[in-house]
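These notes concern the structure reproduced below.
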Amino acid sequence: MEVDISDEEYVIQRAKSALKTDPLSAKAWMITAKTLYPNNFGVQFEAYCIEKNAGHVKEAAKCFSDLIGKFQQQPELWKEIENVTLALRAESDTNDAEKQFLCEMFKHISSDVQHKLLLCTADHCEDTMEHCRLLLLLLQRFPTAISSYGSRLVDTLISAEKHSHDGNFPLNAYRKLLVCELLPLLATENAKVDLSSKLLQKLLYKAVEFYFCYLGLSPGTTQDGESKIEDPWRRLFSVIEFIGKQLEWEPYLVNFSNNWNKESYWQRIVSYYQARMGNVDDKQLFFCASIFFFHCLHEYALSLTPESSPGQPQNTFILVEAFIDPTLPSPATEPKSKKRKGDDYMSPYISVERPELKNIHGNFLMAVNCWDLFESSEHFQREFYMFNSYLKLETWFTSFVIDYAIYKGKYEDAVQYLHKIKDTNLLLRKNINIAGILYVKENYRSCFEHILLAIPLLPNNNVGSLSNALVVGGSQRHLHYLPLTYTSVLQYFIKILIRCIKENMAKHIYSELAIGHILTLVQLDWPQEEEFVPPLMDEIQQHGSFNYVLFQNYIINVDILEEITYLWTNQGGRITLDIIPHMGQRRIGTRGADKGAKEEIKQIIKRQVARSNENVNELLIRFITHERELIFKSLM
């Protein structure tokens, strides 16, 4: 049955049928069709499809160029143009053969046609986001077009963000396109774009707000769920460098080249500040110092929770008041040439658990330098308050402000900040810091109250180990970065409590209760706390007796038991040792005639020695929680 078809359709049909068996014949038919019907879209488009399906890149590119030149209004062509632009945006997708072919074909189209294709597609697009993406693609492919369309795209993205439903959240798709894609393009070496100072400053704040939200420094959310941004600080520094140049800021203040480091950059800020001492109303100084401050602060926060070894729990460190022993040699400190400007001999010595954690200390001191600069003038304080209000950063740097107050010895400020903490995840840190401060202020009973509040919060899922760095020699004030592990925090509390009781003993002539408590507590960190014992033994020997009702419950350290037993012998001074409960008026010593009681004391000592392998952590937790009233009594 014959069906009437047009001449054009006949030629196309012959070309298609010949394609399977005789490609050369098919090509001849298509050349004939294209020559006979140059203005027929169906013929010309079919010619393109045949070349595309045959995988002929150059021929397909030529056909596609002809189509764009003659048939821009055809829906079928627009669909194919959309496929091309979609492929260009996903050029790295090597798993899609068609996309790869279209990208390769695009390369063989003349630059004039490429430019026309992208611009027409952008103008033709009704969806704002798609329009912006296509215009961005045009600028990426044709940097010379940046001067013509760059500022137009900036305005479009700012306006689109303002009117979008998630425009109030910095991490939205329009802002990401503006900050992560367009601004780096505008910053390229040969790009020329004319933006007003007001718009440049607006872009600067938008970029800072975006990256700070992404980094978690300030609150924000995203609706587009796009992939991870590589090296956000480096990207932000590039934006600052570009906009700083446009605003004619000092090049050395906005230069964050690959070899910059925090120490050298801080010296740049100091030099700039000193050269303009009379002019504190300086936007570029404040802005650059603020960005640098938050960079140091972000690195400080990250260094406080370093990556852990495989299979090990992650540790978090907090800055605490630590301890000194004047009988030990002073720790090695930085030589004078390495000390930072503003440091003096009154600054506290800061220790870390291991040398590889020294960066915690360095990041903190850099942030302290910046904070001191902000505190140096009312103008900077006011500027920082406005900056903070805009970016909503207060909750993020609260932790630093606490550490800063502790570092500077501003204990009332530190306690005030700590009392504001409501987050249950931070309650352990809150009580640790307050306990340390109250110890320094010699408020021993309140200090112990906060230790009691913290004990139930100890992290049972992270046991940790004892530290060797909580006590240093010399007389310089000592701060330490304490890991929030079960053992380390307990050790810190025990050291505080020993010193609270010991220092409070000066109020009393002789306190057997206090001596017994200290002998119990030093067992955790034995022999590090061994130096506390000899003076106590001297006191017991001089007094001639030792009565401690909790002896059998908690004293199990062999060395301590040997010392006490020796004092009980004839050679040690024959002290009266009252460690048998419920003895009433019966005080037993070698002076007494009750040989049965003497034997009982020997058996008690043996039983205590037999317990020497018990878990001392659990023993002292039990001591602190069960004997709180007797401990309070020794702090009166």
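The values are calculated or read from the model by the stated rules, or taken from the named source; none is laboratory data. Bear in mind the structure is a predicted one, so any value in this text is a computation, not a measurement. Cβ placement follows ideal geometry from the backbone for every residue including glycine, while neighbour counts extend to all protein chains displayed. These area figures cover heavy atoms from the full protein model, side chains too; ligands, DNA and RNA do not enter into them. Shrake-Rupley method; radii C 1.70, N 1.55, O 1.52, S 1.80 Å.
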For segment 165-175, give me each residue that is assigned to a helix (DSSP H, G or I) and either out of contact with any helix residue (DSSP H, G or I) (no Cβ under 7 Å at 6 or more places or on another chain) or of a type in the set (F, W, Y) (or both). Y174
Go through segment 440-483 and report how many residues are closer than 17 Å to D403 by Cβ and open to solvent by 20 Å² or more (accessible area, probe 1.4 Å). 2
Given (1) touching a Gly at 6+ places or on another chain (Cβ under 7 Å); (2) surrounded by fewer than 18 Cβ atoms within 10 Å (Cβ to Cβ), K79 misses just (1)
Out of the residues in segment 442-479 meeting the condition of being free of Cβ contacts under 8 Å to residues at least 24 places away in the same chain and part of a loop (DSSP other than H, G, I, E, B), tell me which one is nearest to the chain's Cα centre (by Cα). S465
In this structure, is Q246 in contact (Cβ under 8 Å) with a residue 24 or more places away in the chain, over 22 Å from C213 (Cα atoms) and open to solvent by 70 Å² or more (accessible area, probe 1.4 Å)? yes
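Residue-by-condition table, conditions (1) touching a helix residue (DSSP H, G or I) at 6+ places or on another chain (Cβ under 9 Å); (2) open to solvent by less than 10 Å² (accessible area, probe 1.4 Å); (3) at pLDDT 90 or above; (4) among the small types (G, A, S):
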{"residue": "K495", "(1), (2), (3), (4)": "yes, yes, yes, no"}
{"residue": "I501", "(1), (2), (3), (4)": "yes, yes, yes, no"}
{"residue": "Y510", "(1), (2), (3), (4)": "yes, no, no, no"}
{"residue": "H517", "(1), (2), (3), (4)": "yes, yes, yes, no"}
{"residue": "T520", "(1), (2), (3), (4)": "yes, yes, yes, no"}
{"residue": "Q552", "(1), (2), (3), (4)": "yes, no, yes, no"}
{"residue": "V558", "(1), (2), (3), (4)": "yes, no, yes, no"}
{"residue": "I564", "(1), (2), (3), (4)": "yes, yes, no, no"}
Among the residues that make up segment 67-77, is at least one of them among the small types (G, A, S) and in a helix (DSSP H, G or I)? yes
Among the candidates E375, E383, which residue alone is modelled with pLDDT of 85 or more, of a type in the set (D, E, K, R) and surrounded by 16 or more Cβ atoms within 10 Å (Cβ to Cβ)? E383
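Condition first: open to solvent by less than 40 Å² (accessible area, probe 1.4 Å), touching a strand residue (DSSP E or B) at 6+ places or on another chain (Cβ under 9 Å) and closer than 18 Å to F623 by Cα. Can you find one or more residues in segment 534-546 that meet it?
Checking segment 534-546: not a single residue is open to solvent by less than 40 Å² (accessible area, probe 1.4 Å), touching a strand residue (DSSP E or B) at 6+ places or on another chain (Cβ under 9 Å) and closer than 18 Å to F623 by Cα.
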Only residues that are of a type in the set (D, E, K, R) and surrounded by 17 or more Cβ atoms within 10 Å (Cβ to Cβ): list them for segment 90-115, please. K99
Determine whether T156 is open to solvent by 70 Å² or more (accessible area, probe 1.4 Å), assigned to a helix (DSSP H, G or I) and more than 23 Å from K70 (Cβ to Cβ). no
Could you please find all residues in segment 255-269 being open to solvent by less than 40 Å² (accessible area, probe 1.4 Å) and modelled with pLDDT of 90 or more? Y265, W266, I269
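Looking only at segment 480-490, which residues are outside any loop (DSSP other than H, G, I, E, B), in contact with a helix residue (DSSP H, G or I) (Cβ under 9 Å, 6 or more places away or on another chain) and closer than 19 Å to L452 by Cβ?
Passing the criteria: L482, Y486, T487, V489, L490.
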Does Y211 count as surrounded by 21 or more Cβ atoms within 10 Å (Cβ to Cβ) and either more than 25 Å from the chain's Cα centre (by Cα) or of a type in the set (F, W, Y) (or both)? yes
